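The values are calculated or read from the model by the stated rules, or taken from the named source; none is laboratory data. Since the model is a prediction, treat every value here as computed from it, not as a measurement. Here the Cβ is made from the backbone with ideal geometry for all residues, glycine too, and neighbour counts use every protein chain on show.
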Amino acid sequence: MLASVKALLSSIVDYAGLFPPAQLGMQEAMTSYAQDRIAPYNWMLDRFVLPASRLEEFEALLPTFPLKQWSLSVIISGDMESEIERVQLLNGRNNIAVTALEFPPLQPQEIKKLLSYLPAGVDSFFEIPLSVDLEVYLSVLQHTGASAKIRTGGTTAAAFPSINQLCECIFSFAEAQVPFKATAGLHHPLSANHRLTSAPDSPSAAMQGFLNVAILAALIYWRKVTPEEAIELLKESSIEGFQFNTDSILWSDSPHETKLNLSEIEEARQRFFRSFGSCSFQEPIEDLKHLKLLG
């Protein structure tokens, strides 16, 4: 295992098996997460994504699993203030650690109001539609410790942002120094056309790769690429376009040397691109094995 790969991918997947296209039942999703937490590549897995509306269902099944700790990212909806209070009471009980809260798209003034209710020591991610004026939202999130969340796909082709939209968004986050996570559509390491669901008649769409996004986010964080170069990097569909060394990652198709060392990769992951939600953990693992990035 190359140290550079481990630095780039550590705790990068938030498991969202309850959500489309997998949309597993609670028992099946919890079983998958519990098994993956003790599997060989568990260092890539971070939180179990859970709607606050399904907390009781989750707690009822919890005693049937031997997992010593569940790291949860709870999606807040409905009466948000009361749900935040409920989550605070839950934290630390029954092997539960609520380490993140996620919020649906809200108006900037609503986000501003909620910031005072956020529990200390818990990450918070506010979903921002890419069609809005990002500056208004980022001015609210700046210097608060809160993060953004962007939707990078879904079960329809229209749910996927364009390459230009995604590039502009990541540059805006970096300029504002607001960390972010992505959700949906990043099941595969490299950019390519993939089927939107597992249905036999599922249409296909162009999907971004999580390697492309993670490497680009680090390069943008360290101001090592231009917007024009960023678009080309997101289009990269071959692993040959990147060079993975023990102590560095290089975008080899760049017009100039574009290199990230270990400390730069680690800081960009800790402070900028935090994770991506995926309804499958095994799919990214199998793809990475095929690319010979995992042993």
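Given the criteria in contact with an Asp or Glu (Cβ under 7 Å, 6 or more places away or on another chain), within 18 Å of residue 175 (Cβ to Cβ), small (Gly, Ala, Ser) and modelled with pLDDT of 95 or more, does residue 230 qualify? Spell out how you get there, then give the answer.
Working: in contact with an Asp or Glu (Cβ under 7 Å, 6 or more places away or on another chain): no; within 18 Å of residue 175 (Cβ to Cβ): yes; small (Gly, Ala, Ser): yes; modelled with pLDDT of 95 or more: yes.
Here the answer is no, as residue 230 does not meet what is asked.
Please tell me if residue 33 is of a type outside the set (A, V, I, L, M), surrounded by fewer than 18 Cβ atoms within 10 Å (Cβ to Cβ) and under 25 Å from residue 147 (Cβ atoms). Steps first, please.
On the way: of a type outside the set (A, V, I, L, M): yes; surrounded by fewer than 18 Cβ atoms within 10 Å (Cβ to Cβ): no; under 25 Å from residue 147 (Cβ atoms): yes.
Here the answer is no, as residue 33 does not meet what is asked.
How many residues, within region 121-138, are more than 25 Å from residue 98 (Cβ to Cβ), assigned to a loop (DSSP other than H, G, I, E, B) and β-branched (Val, Ile, Thr)?
In the first step, residues of region 121-138 are kept if they are more than 25 Å from residue 98 (Cβ to Cβ); the result is 129-136, 138.
Subsequent filtering for residues that are assigned to a loop (DSSP other than H, G, I, E, B) retains 129-133.
Narrowing the set further to residues that are β-branched (Val, Ile, Thr) leaves 132.
Total satisfying the criteria: 1.
Give just the number: which of (1) farther than 25 Å from residue 47 by Cα; (2) of a type in the set (D, E, K, R); (3) in a strand (DSSP E or B) does residue 112 not satisfy?
Going through the list (1) farther than 25 Å from residue 47 by Cα; (2) of a type in the set (D, E, K, R); (3) in a strand (DSSP E or B), residue 112 breaks only (3).
Got a number for residues in region 1-54 being closer than 17 Å to residue 286 by Cα and among the hydroxyl-bearing types (Ser, Thr, Tyr)?
Result for region 1-54: 6.
Quick one: in region 62-118, of everything that is crowded, with 16+ Cβ neighbours inside 10 Å and small (Gly, Ala, Ser), which residue is nearest to residue 50 (Cα to Cα)?
73
Within region 13-26, take every residue that is in contact with a helix residue (DSSP H, G or I) (Cβ under 6 Å, 6 or more places away or on another chain) and not hydroxyl-bearing (Ser, Thr, Tyr) and give me the one that is nearest to residue 292 (Cα to Cα).
As a first pass, look at region 13-26 and keep what is in contact with a helix residue (DSSP H, G or I) (Cβ under 6 Å, 6 or more places away or on another chain): 13, 15, 17-18, 26.
Filter once more, so that each one left must be not hydroxyl-bearing (Ser, Thr, Tyr): 13, 17-18, 26.
On the way: 13: 19, 17: 25, 18: 29, 26: 33 Å.
Out of the qualifying residues, it is 13.
Only one residue in 128, 111 is at pLDDT 95 or above and within 27 Å of residue 235 (Cα to Cα), so which one is that?
Values: 111 fails: within 27 Å of residue 235 (Cα to Cα).
Testing whether each residue is at pLDDT 95 or above and within 27 Å of residue 235 (Cα to Cα) leaves just 128.
For region 68-95, name all the residues that are modelled with pLDDT of 95 or more and over 18 Å from residue 114 (Cβ atoms).
70, 71, 72
Which residues, taken from region 251-283, are over 22 Å from the mean Cα position of the chain (by Cα), of a type in the set (Gly, Ala, Ser) and surrounded by 16 or more Cβ atoms within 10 Å (Cβ to Cβ)?
Within region 251-283, just 254 meets the criteria.
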